[in-house]
Amino acid sequence: MHSEGISVSVSDGTPHTEAIPGAAPAAVAPRGRGPVVAALMMGMALAALDGTIVSTAVPQIVGDLGGFAVFSWLFSGYLLAVTVTLPVYGKLSDTFGRKPVLVVGVIVFLAGSVLCAFAWNMAALIAFRVVQGLGGGALQGTVQTIAADLYPLKERPKIQAKLSTVWATSAVAGPALGGLLASYADWRWIFLINVPVGAVALHLVIRYFVEPARRAPAARPRVDWAGALCIFATGALLLTALVQGGVAWPWLSTPSLALLAGSAACAALTVFVERRAAEPVIPGWVWRRRTIAAVNLALGGLGLLMVAPTVFLPTYAQSVLGLNPTAAGFVLSVMTLSWPVSAALSSRVYTRIGFRNCAITGIALAALILAVFPLLPFPGRAWQPALLMLLLGGALGLFQLPLIVGVQSTVGWAERGTTTASVLFCRQVGQSVGAALFGAIANATLAARLTHAPMPGLPGDLDSVSRALHHPASLTTDAADYLRRAVASAVDHVYVGAAIAAVLPLLVLVFLAPRRFPVLTEPGKD
């Protein structure tokens, strides 16, 4: 990589020129961005629709293929593959360019989709979902990186808002589309529908996306395959322990302890290998630079707290408020509507007060909103949690987007893929930790309520309670009311935990993040 003079400034300071390695000009001219942006949005839609569209078809899938005891791995396997490959793809995109990584990612994702559509049993479907995830990791990280490459700092909120809109639309449309396909066609179409969308995205990327010419490096780039394998093993063992702990086996059982110990050993091996690698997958500077380290930790906290609304609110809406699945989905979807609007407007805030202060404002508001949830009346009305989720989406839009735009703007082209992947990786790990942690809190609270129940014969875990409330014929009025109150208490405790989790990124930003992000302005992007 060669060095080019680029302008360096803080978010509210005066630019001055400094040589930064790995800078690159814009990949395409502004007039040529349209087809590339369309391709990025389609690629993001593939990843965004994946979870929501599959979840609604689970009953049909299980009815056809069987495997009810392991169907959760349809989601866990995909999550594992995406999470552990994010850092690898980030480094590969910095080494060989964004375009080949994105093209390979789309092809692998589409291949996995076709294989899923022709799966003959649940084990095969889970395996093919992992293949999908291997492509999904490239989609998520590379799309975000290319978006930052295409636009200068002042225009990045526009493209990020468009990508956020894709996620919001997918959250609303995914369940409906999945339900329609599963009910009136066949569940296999939820995977085949990816093919035309991905094919168009692939065509647009190959034809219209032209990366800048870069001076060839003095030595042939070396891929740190040993480090990649170590990271994959560490992440796979850790996430398996977090996903299955307390579900497939108790937390303190031999499988959980063995997986956690194996993950710790692989993590130590990863550090050893990465310190000696010429081109490490996760270079040390990712954690030595205050800005990147602070954003990684802060967005890890975001992944942690997001488990409360996305996982437990639908259960609350159906079991406590008595809403049907569609209405329960609407209570959650209002957050995905306010989030991109707030994100699009956040540039007006952070250009005035800076990336850090804008993010602090957003996460402080989010902590307050999460803390208000347990104060809602029982059983309450649907508009009450919906209003809180609308406000939460607005607060998190002020928090997440400034951090992503800010951290991408502190590095040059040759480091942006690795930086973006590290941020997304931390958010995914935070989400996995949150699912395990808050699942344990909810089940412990529920178990305590059921232990002291005034009537016998009540179900013993959150899933069983939810099923019983959906089919209350065997429950007395008093038993059903007691169960609803128990679920409400469990979800209240989860939201208290989420409010505490929101305080963690707040402290990180206050005490670790620099007051001013050291923004780099690349040539031709001023």
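Does segment 149-164 contain any residue that is under 14 Å from residue 37 (Cβ atoms), small (Gly, Ala, Ser), touching a Lys or Arg at 6+ places or on another chain (Cβ under 9 Å) and buried (at least 20 other Cβ atoms within 10 Å of the Cβ)?
no
Taking residue 354 as the residue in question, decide whether it is in contact (Cβ under 8 Å) with a residue 40 or more places away in the chain, surrounded by 18 or more Cβ atoms within 10 Å (Cβ to Cβ) and at positive phi.
On the way: in contact (Cβ under 8 Å) with a residue 40 or more places away in the chain: yes; surrounded by 18 or more Cβ atoms within 10 Å (Cβ to Cβ): yes; at positive phi: yes.
Here the answer is yes, as residue 354 does meet what is asked.
Just a yes or no: is a residue in segment 334-347 among the aromatic types (Phe, Trp, Tyr), over 30 Å from residue 290 (Cα atoms) and either in contact (Cβ under 8 Å) with a residue 12 or more places away in the chain or touching a helix residue (DSSP H, G or I) at 6+ places or on another chain (Cβ under 6 Å) (or both)?
Filtering segment 334-347 down to residues among the aromatic types (Phe, Trp, Tyr) leaves 339.
Checking the rest, the ones that are also over 30 Å from residue 290 (Cα atoms) come to none.
Within segment 334-347, not a single residue is among the aromatic types (Phe, Trp, Tyr), over 30 Å from residue 290 (Cα atoms) and either in contact (Cβ under 8 Å) with a residue 12 or more places away in the chain or touching a helix residue (DSSP H, G or I) at 6+ places or on another chain (Cβ under 6 Å) (or both).
Restricting to segment 352-379, give me the number of residues that are under 29 Å from residue 514 (Cα atoms) and either among the aliphatic types (A, V, I, L, M) or modelled with pLDDT under 85 (or both). Explain how you work it out, then say what you get.
Pass one, segment 352-379, residues under 29 Å from residue 514 (Cα atoms): 352-371.
Those left that are additionally either among the aliphatic types (A, V, I, L, M) or modelled with pLDDT under 85 (or both): 353, 359-360, 363-371.
Looking only at that region, the number is 12.
Which numbered condition trips up residue 56, out of (1) under 27 Å from residue 156 (Cα atoms); (2) in contact with a helix residue (DSSP H, G or I) (Cβ under 6 Å, 6 or more places away or on another chain); (3) at pLDDT below 85?
Among (1) under 27 Å from residue 156 (Cα atoms); (2) in contact with a helix residue (DSSP H, G or I) (Cβ under 6 Å, 6 or more places away or on another chain); (3) at pLDDT below 85, the lone unmet condition for residue 56 is (1).
Would you mind finding the one in 178, 137 that is surrounded by 23 or more Cβ atoms within 10 Å (Cβ to Cβ), within 30 Å of residue 341 (Cβ to Cβ), touching a Leu at 6+ places or on another chain (Cβ under 6 Å) and not assigned by TED's automatic domain parsing to the domain that holds residue 343? Lay out the reasoning, then the answer.
Values: 178 fails: touching a Leu at 6+ places or on another chain (Cβ under 6 Å).
From the options 178, 137, the qualifying one is 137.
Taking the stated definitions as given, is residue 342 under 20 Å from residue 298 (Cα atoms) and over 19 Å from the mean Cα position of the chain (by Cα)?
Working: under 20 Å from residue 298 (Cα atoms): yes; over 19 Å from the mean Cα position of the chain (by Cα): no.
No, not satisfied.
Those residues that are surrounded by 19 or more Cβ atoms within 10 Å (Cβ to Cβ) and of a type outside the set (Phe, Trp, Tyr), I need them from segment 107-129; list them, please. Give the steps one after another, and end with the answer.
Here is the first cut: in segment 107-129, the ones surrounded by 19 or more Cβ atoms within 10 Å (Cβ to Cβ) are 108-110, 112-113, 116-117, 119, 122, 125-126, 128-129.
Correct list: 108, 110, 112, 113, 116, 117, 119, 122, 125, 126, 129.
Scan (1) surrounded by 20 or more Cβ atoms within 10 Å (Cβ to Cβ); (2) free of Cβ contacts under 8 Å to residues at least 60 places away in the same chain for the single condition residue 288 breaks and write down its number.
(1)
Is it the case that segment 90-100 has a residue that's in the same structural domain as residue 42 (by TED's automatic domain parsing) and under 16 Å from residue 235 (Cα atoms)? Full working, then the answer.
As a first pass, look at segment 90-100 and keep what is in the same structural domain as residue 42 (by TED's automatic domain parsing): 90-100.
Next cut, under 16 Å from residue 235 (Cα atoms) only: 90.
Checked against the condition, which is being in the same structural domain as residue 42 (by TED's automatic domain parsing) and under 16 Å from residue 235 (Cα atoms), segment 90-100 yields at least one hit.
Which pairs turn up if I take residues in segment 430-447 that are outside the structural domain of residue 483 (by TED's automatic domain parsing) and under 16 Å from residue 465 (Cβ atoms) and look for partners that are among the hydrophobic types (A, V, I, L, M, F, W, C) and surrounded by 19 or more Cβ atoms within 10 Å (Cβ to Cβ) with beta carbon separation below 9 Å, at least 6 apart in sequence or on another chain?
Partner pairs satisfying both residue conditions: none exist.
The values are calculated or read from the model by the stated rules, or taken from the named source; none is laboratory data. Bear in mind the structure is a predicted one, so any value in this text is a computation, not a measurement. Because the Cβ atoms are built from the backbone with ideal geometry, glycine has one as well, and the counts that use them run over all protein chains shown.
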